[in-house]
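Taking it in order: structure first as structure tokens, then the write-up.
Nothing in this text is a laboratory measurement; each read-out follows from the coordinates by a stated rule. Computed from a predicted structure; not experimentally measured. Please note: Cβ atoms are built from the backbone with ideal geometry, for glycine as well, and neighbour counts cover all protein chains shown.
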Amino acid sequence: MQKKIILITGASRGIGASIAELAGSKDYFVVVNYAKNISEANNVVAKIKAAGGDGCAIQADCGIEADIVRLFKEVDKLGKLDTVVANAGIVGGEVHITEVSTAQLSEVFGINVIGLMLTTREAVKRMSTKLGGTGGKIILMSSAASRTGGIAKETHYAASKGAVDSFTLALAKEVGMDGIRVAALRPGLIRTEIHNAHGGIPVIEKWASGVPLGRVGTPSEVAQTVMWLCSDDASYIHGALIDVSGGR
Ligand code: NAP
């Protein structure tokens, strides 16, 4: 029997890579999307294969509509898509609101919001039972910043994740009767390179004292939650915004 196909955007590093490796161990065929880091993406696929799983890496910039459309067409050649994790995202640097430019806002919203929505569009077109599909799961990567405001000089990032939350709630109403289950994750401080935007891991370790669990989280802790959401154990979870934030 053919393995279920899962597509994870932004899976060459960080949280996406961890989700990809865990999905590979759970008998999915894993499509590892990346924008720039081909060697890291190939490394993730190699780890999946070394652990007995299967997958491939496909380049596509999730800030470019034509790339997203091409990505899904390439996945179509592999078989039926079961699950999409729209994880690709950027902080977009630190900038005070008085200095922010349209170009910066367009880049962040282009990937974190428009790219995520276009990724969802392509997924729903394939999964919807009303359009001839057999259903599926869509997991959207938000952030605790959507409800805490994140940190100063990253208003653009917090606002983009607020949009992901609103989109998740509306999407759940739109596709719930199409055989598609939708949820968003709101990670807190997770140990990845995304924090290079504001000083890296040493800086977030300092902030850990403000986390009720007293520590930052790991990509693997987010990945475990994603795979639970994708499983039948979470069959009545729909339109939910799930915090993976150590209580932050
Ligand atoms: P990361 O370590 O910086 O990794 C980002 C990943 O996204 C990389 O694989 C990168 O691929 C990919 N990517 C970036 N721009 C892309 C684009 N335009 N198209 C396709 N892929 C792209 O980030 P992370 O911490 O794992 O974050 C993953 C998601 O979790 C993001 O949506 C982020 O907002 C969210 N999140 C993270 C945290 C945290 O504390 N880490 C907290 C809350 C939410 P390449 O390297 O190949 O370009």
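In terms of other Cβ atoms within 10 Å, TRP228, TRP207 run from fewest to most in the order TRP228, TRP207. When only alpha carbons are used to place a centre, segment 9-46 and segment 104-171 end up 19 Å from one another.
Taking square-rooted eigenvalues a ≥ b ≥ c of the alpha carbon gyration tensor, is segment 99-248 rounded, prolate or oblate, where a/c under 1.5 means rounded and, failing that, a/b exceeding b/c means prolate? Oblate. As a proxy for reagent exposure, LYS26, LYS161 were ordered by neighbouring Cβ count within 10 angstrom, fewest first; the result is LYS26, LYS161.
Averaging the Cα positions of each part gives two centres, and for segment 185-216 and segment 67-101 these lie 22 Å apart. Taking label positions 7 Å along the Cα-Cβ direction at both VAL203 and THR148, the computed distance is 1.4 nm, reported to one decimal. For segment 150-248, what's the relative contact order in percent, using C-alpha pairs closer than 8 Å and at least 6 residues apart? It comes to 37 percent, rounded to a whole number.
With an 8 Å Cα cut-off and a minimum separation of 6 or more residues, compute the relative contact order for segment 86-207 in percent.
For segment 86-207, the relative contact order is 30 percent.
Taking every alpha-carbon pair under 8 Å whose residues sit at least 6 apart, the chain reaches a relative contact order of 19 percent.
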